[in-house]
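Written out below as structure tokens is the structure these notes cover.
What follows draws every value from the coordinates through simple rules; no lab data is involved. Keep in mind that this is a model prediction, so the values were computed, not measured. Reconstructed Cβ throughout: ideal geometry from the backbone, glycine too, with neighbour counts over all protein chains shown.
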Amino acid sequence: MSTGEPFSDTSLNPSVRGFLHRPEASSGNALILTHGAGGNAQMALLVALAEIFASTGFTVLRCDLPFRQVRRFGPPRPGDGARDREGLKSAITAMRKMASGRVFIGGQSYGGRQASMLLAEDKLADGLLLLSYPLHPPGKPNQLRTQHLAHLDIPTLFVEGTRDPFGSIEEIEAARRLIPAKNELLVVDGAGHDLGFKGKAKRVELQAKILALFRSFFF
């Protein structure tokens, strides 16, 4: 199983930095994974998904968003979003050089939101994986982050916990109806914004569920 090797491409602006998982037998397809506002490319969820996807032939890049390349700790600042989206565009460019097949992009929370905003502007990838999409700030359901979803004409798979304070399952279902492309939802019962990613048993179970639904949905 690929544990990932340090990867960087400074020829792109913004530069790409993270960890690359190379499969033993490549399918030609690739997956980019990125993190939430408080995390980085070494989040346990991203590592686990990268490993299981690489084991089935995907080339997987876990990448740090530009704001995290600049600051090791702390959330993104107001105005960082545009450059973070450019960073994801750079990551897609880098993976297109390595992948002969389809390129998918996914992110946890903030990273997924920026990926969805990027793809709503331009169909740069073949599919989108949203892990705990931050539909609104906790306790502020009127501050919905859905304005761009009507322009997201890319197949999209959501993975959401039933106890996520950033959006209930009912709210996510309503948001899904705004997306013109086909989309699906995997519900993680009892999980919060971290998807309940605690312990090896949970990790293996969630890995398998996400991979199975991803393959049936996109392929």
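For the chain, what does the helix formula give at 222 nm: sum of -39500 (n - 2.57) over DSSP H segments with n ≥ 4, over the residue count, nearest 500 deg cm²/dmol? That calculation yields -10500 deg cm²/dmol at 222 nm. Here's the picture: charge each Lys and Arg Cβ at +1 and each Asp and Glu Cβ at -1 in the stretch 5-218, and of V70, L128, I172 the one pushed furthest to the positive end of that dipole is V70. What is the percent of Cα-Cα separations in the chain that go past 32 Å? Taking all Cα-Cα pairs of the chain, the fraction more than 32 Å apart is 9 percent. Under the criterion of Cα pairs below 8 Å and six or more residues apart, the relative contact order for the stretch 5-218 equals 17 percent. Of all aspartates and glutamates in the structure, those lying under 12 Å Cα to Cα from K97, and not within fewer than 8 positions of it along the same chain, are D9. 3J(HN,Hα) along the stretch 8-16: 8, 9, 8, 6, 9, 10, x, 6, 10 Hz, from the Karplus curve 6.51 cos²θ - 1.76 cosθ + 1.60 with θ = phi - 60°, whole Hz, x for Gly and Pro. The magnitude of the dipole of the stretch 5-218, with charges of +1 and -1 set on the Cβ of Lys/Arg and Asp/Glu and taken from the Cα centre, is near 340 debye.
The amide H of G106, built 1.01 Å from its N in the peptide plane, has I32, L33, T34, L129 as neighbours under 5 Å, considering only residues 5 or more places off or on other chains.
How far is the Cα center of the stretch 68-143 from the Cα center of the stretch 153-213, in Å? That distance is 16 Å.
Ordering of 139-150, 86-97, 160-171, 30-41 by packing is 30-41, 86-97, 160-171, 139-150, highest average first (other Cβ atoms within 10 Å, averaged per residue). Fewest-first ordering of M117, M98 by other beta carbons within 10 Å of each residue's beta carbon gives M98, M117. For the pairs K89/K209; K123/K182; K89/K182, flag any whose C-alpha to C-alpha distance is greater than 24 Å. Pairs exceeding 24 Å: K89/K209. Subtracting the Cα-Cα distance of R163 and A181 from 0.36 nm times their residue separation leaves 3.9 nm of extension gain.
Think of the chain as having a plus end and a minus end, set by charges on the Cβ of Lys, Arg, Asp and Glu; of A44, F219, G107, A44 sits farthest toward the positive end of this dipole.
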